[in-house]
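Here the structure is laid out as structure tokens; the discussion comes afterwards.
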Amino acid sequence: RALSPSPWLRVEMCESRRLTRPMATFVNALFGTDIRSSKDGPAVEVRAPRSIFDLHACLKDVFEDAQRADGDPVLVLSDRKRGNRPLRTLLNCISRGGARVSVHGLDVDDAEQRAHVVSATFWSAKGLESDTVVVLLPSAAARNPTYVACTRARRRLIVVLDPREPHAGAAQACAQCLGSVETASAVRVYNSNALRACTAGDALDVEASLCAPQWHGRRLDLSQCRPSRASMLGVGQG
């Protein structure tokens, strides 16, 4: 006799064993997710350099800590490697400072294990994790890889904004967290440059910041980003 098919059981798994409570709060504010965590940890650090080509000065303390500690390397995530002059300048400065740098996907696994800093892209970061993760957020990046990048840290997450073209989603997620007594401790605006970037980004289009950008030469054209249905209907606007 043929067995009757059993109904599928739908289960939503929202508890994260990797992210800390502050990280989960920030990610939920940025992506509208419902991740929960019972793991303690420091606030998500939102930083911004004076210039996008001065990333090392903004993050120098992080890499010095990595050289002194005998633990996981710092994972530095960027939206792209090819043609990314600010990233190249940052990695050169780190190397000149004496830290061992590895590029994920180019160096062998053993080199990554011995490195103080590992550089990878949002796209290649799936499956990676580290105690400390630095996410270099451009003004716009596709939603899914950006989500992957922001969920790789086990203890410390540092989000770096472009001071001239801040990521609107991150800026408004920061403002949302700080605007509530319950979540204010989840985010720390690290310096005055970060405060200015968050203020500027708070007035920009969140949906455009989570779209895959269209590149024309060296200029970023956000006009080609497809708006979400919510933004077209005016949901959540003003």
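The values are calculated or read from the model by the stated rules, or taken from the named source; none is laboratory data. Computed from a predicted model, the values in this text were never measured in an experiment. A quick note on method: Cβ atoms are made from the backbone with ideal geometry, for glycine too, and the neighbour counts reach across all protein chains shown. Accessible surface is based on the protein model in full, side chains and every heavy atom, while ligands, DNA and RNA are left aside. Shrake-Rupley method; radii C 1.70, N 1.55, O 1.52, S 1.80 Å.
Ranking L178, L75 from most to least accessible surface, computed with a 1.4 Å probe over the protein chains only, gives L178, L75. Assuming 1.306 mPa s and 10 °C, estimate D for the range 47-200 with Stokes-Einstein, Rh taken as the Kirkwood radius over Cα pairs, in µm²/s. Rounded, D is 101 µm²/s.
Figure the gain on full extension for L106 and R36 (residue separation times 0.36 nm, minus the Cα-Cα span) and round it to one decimal in nm. Contour length minus Cα-Cα distance gives 21.7 nm. The heavy atoms of R85 present about 120 square angstrom of accessible area, all protein chains included, probe 1.4 Å. With all protein chains kept in place, the per residue accessible area of the range 36-121 amounts to 53 square angstrom at a probe of 1.4 angstrom. Stretching E129 away from L195 to a fully extended chain increases their span by 21.0 nm, per 0.36 nm per residue minus the current alpha-carbon distance.
Scanning residues 5 or more positions from G41 or on other chains, those with amide H under 5 Å from its amide H are R21, with H placed 1.01 Å from N in the peptide plane.
Magnitude of the charge dipole for the range 1-149, about its Cα centre and with charges confined to Cβ atoms of Lys, Arg (+1) and Asp, Glu (-1), is about 520 debye.
The H on the amide N of L210, modeled in the peptide plane, is under 5 Å from the matching H of A141, each at least 5 residues off or on a different chain.
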